[in-house]
Amino acid sequence: MTILVTGGLGYIGSHTVVELLNNDFEVVIVDDLSNSERFILNNIQEITGKKPVFYPFDLRRKELLAQVFDAHQIDGCINFAASKAVGESQLKPVDYYENNLFSLINILQEFKTREISNFIFSSSCTVYGQADVMPIDENAPLKMPESVYGKTKQMGEQILIDFAKAYHRKISVLRYFNPIGAHPSGKLGELPIGVPDNLVPYVMQTAAGIREKLSIWGDNYPTQDGTAVRDYIYVVDLAKAHVAALKKLIEDTSAEAVVDTYNLGTGKGSSVLEVVKAFEKANNVEVPYKICSRREGDITIAYANPEKAERELNWKSETSLEESLRTVWEWQKYLNARNS
Ligand code: UFG
């Protein structure tokens with residue numbers, strides 16, 4: 001079976017391509033290299049011994065996308081391609097709506113006319129806003145996210161639900177909590193452009209001396225130590241969930257519409273300070289930090305109830321926080337060696 005993976009050279013995309021190839025799927029990647037690099041393709045080949053087909057273009061180029069569907073018998077799509085910087089999305093809302101939603105719609109147009117099913121969408125726990133009840137299950141009420149990025153995720157979900165119902169197709173919406181870590185080979189990981197927004201890449205660069213100090217955004221939250229709490233999920237575990245979700249869609253041969261939604265997390269909340277301490281312990285390094293005021297738009301606490309994914313996909317997170325953070329440091333060492 002051939003799976004189109006958009007954004008397949010990106011952070012979660014590249015790890016998922018490896019898992020797909022390891023499970024004997026054929027993979028066709030479309031990635032515009034806006035937040036990824038070509039060497040990732042070679043590294044995927046080194047890890048798996050297989051070379052996916054790769055097309056470097058922006059999914060808004062409808063005519064190029066149609067050519068990919070003409071050239072390959074596509075059986076499904078995992079759609080990672082999207083702009084994802086929360087802060088930037090507030091400054092460039094029109095660009096975010098265009099990039100994230102037009103690309104989705106262009107793929108769905110191809111799916112519609114060619115009668116293809118099996119679509120997996122990268123969504124985010126941001127669709128719950130600050131949920132009232134922890135852990136968060138899939139029935140928690142959706143709140144319109146504050147960020148434009150988050151809004152594109154919520155709108156994307158809605159578009160897909162309407163698509164599945166109208167054309168009797170099968171989709172899976174995967175709501176990620178906070179993905180972290182790198183491939184155990186040390187050859188794939190997150191490549192933040194410029195100053196990282198996210199916690200773990202910033203911790204990694206601070207430990208490496210690229211940044212002077214980590215700013216911890218707020219220590220007066222009502223949590224165990226005053227810093228905000230998230231559910232940090234190892235990226236390889238997350239990648240495996242995509243394969244499980246895809247297999248479930250493929251195995252369902254009924255002609256009915258399917259809309260599966262899963263929260264993908266560990267079920268455990270960790271505070272910012274706990275992450276910093278775990279990183280230090282896992283890698284025997286120091287992470288200098290300072291306490292600053294809260295970051296605008298941040299929620300206090302979010303962690304998943306992953307029971308539905310465990311029940312229906314036979315999937316659960318397997319890797320501890322410390323183990324995940326060890327892979328991050330290996331990745332930084334790999335990047336240091338590449339840059340030297
Ligand atoms: N944090 C710091 N210092 C930093 C970076 C982050 O203290 O330099 C803190 C944040 O304040 C937050 C926690 O670390 O409490 C995690 O922050 P991230 O930016 O890594 O992750 P977020 O939970 O804020 O954002 C993530 C995804 C977004 C998604 C959002 C939904 O990165 O894509 O969850 O809540 F929209």
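The values are calculated or read from the model by the stated rules, or taken from the named source; none is laboratory data. The model shown is predicted, which means the values in this text are computed figures rather than measured ones. Backbone-built Cβ (ideal geometry, glycine too); neighbour counts: all protein chains shown. With ligands, DNA and RNA removed, areas are computed over all heavy atoms of the protein, side chains included. Shrake-Rupley method; radii C 1.70, N 1.55, O 1.52, S 1.80 Å.
A 1.4 Å probe, protein heavy atoms only, puts the accessible area of His183 near 20 Å².
The portion of the accessible surface of region 55-102 made up by carbon and sulfur, rounded to a whole percent, is 55 (1.4 Å probe; DNA, RNA and ligands excluded).
Taking 0.36 nm per intervening residue step and subtracting the Cα-Cα distance, what contour gain separates Leu142 from Lys308 on full extension? Intermediate results must be reported in sequence, preceding the final value.
Numbers: separation 166, 0.36 × 166 = 59.76 nm, distance 1.73 nm.
Result: 58.0 nm gained on full extension.
Before anything else, pin down the relative contact order of the chain: Cα pairs under 8 Å, at least 6 apart, normalised by residue count, whole percent. If you can, show how the numbers build up before the last one.
On the way: 663 pairs, mean separation 64.0, N = 340.
Relative contact order, the chain: 19 percent.
Ligands, DNA and RNA excluded, the heavy atoms of Thr126 present near 40 Å² of accessible surface to a 1.4 Å solvent probe. Per-atom-type breakdown for region 230-309 gives carbon and sulfur 47% of the accessible area (1.4 Å probe, protein chains only). Shown is the FRET efficiency for Cys292 and Glu115, computed with R0 = 51 Å from the Cβ-Cβ distance and rounded to the nearest 0.05: 0.45.
Quick one: how many Å² of Leu188 are accessible to a 1.4 Å probe, rounded to 10? Roll a 1.4 Å probe over it and Leu188 shows about 0 Å².
Of all the Cα-Cα pairs you can form in region 74-140, what percent are over 13 Å apart? Spell out each step's value before the answer.
Details: 1579 of 2211 pairs.
Considering region 74-140, 71 percent of its Cα-Cα pairs are separated by more than 13 Å.
Our helix-only sum for the chain, with -39,500 (n - 2.57) per DSSP H run of n ≥ 4 divided by its residues, gives a mean residue ellipticity at 222 nm of -12500 deg cm²/dmol. When the P(r) of the chain is calculated, the portion above 39 Å amounts to 9% of the C-alpha pairs. Approximating the spin labels as points 7 Å out from Cα along Cα→Cβ, the Glu323-to-Asn220 distance works out to 4.0 nm. Ordered by solvent-accessible area of protein heavy atoms (1.4 Å probe), largest first, the residues Asp70, Asp231 come out as Asp70, Asp231. Taking every protein chain into account, the accessible area of the chain amounts to 44 square angstrom per residue (probe 1.4 Å).
Count charges around Asp225 for me, please; just the other residues with Cβ under 12 Å from its Cβ, Lys/Arg as +1, Asp/Glu as -1. Don't jump to the answer; show the numbers that get you there.
Details: positive: Lys277; negative: Asp219, Glu274.
Neighbourhood net charge equals -1.
Across region 1-147, C-alpha contacts under 8 Å between residues 6 or more apart give a mean separation that, scaled by the residue count, equals a relative contact order of 23 percent. With kT/(6 pi eta Rh) evaluated at 4 °C and eta = 1.567 mPa s, and Rh the Kirkwood radius from Cα pairs, region 152-279 diffuses with a coefficient of 75 µm²/s according to Stokes-Einstein. Each 10 Å bin from zero holds the following percent of Cα-Cα pairs in region 227-318: 14, 34, 28, 16, 6, 1.
If you find the alpha carbon centre of region 177-207 and of region 129-173, how far apart are they in angstrom? Using only Cα atoms to place each centre, the spacing works out to 26 Å. The length gained on full extension between Asn339 and Asn42, counted as 0.36 nm times the residue separation minus their Cα-Cα distance, comes to 105.2 nm. Site pair Asp162 and Glu280 shows an inter-label distance of 5.1 nm when each label is modelled 7 Å from Cα along Cα→Cβ.
For the chain, what proportion of DSSP beta bridges, expressed in % and rounded to the nearest 5, is antiparallel?
On the way: 2 of 39 bridges.
That works out to approximately 5 percent antiparallel.
Modelled this way, with points 7 Å down the Cα-to-C-beta line, the labels at Asp252 and Asp132 are 2.9 nm from one another. Each Cα pair under 8 Å and six or more residues apart adds its separation to the average, and for region 233-340 the resulting relative contact order is 43 percent.
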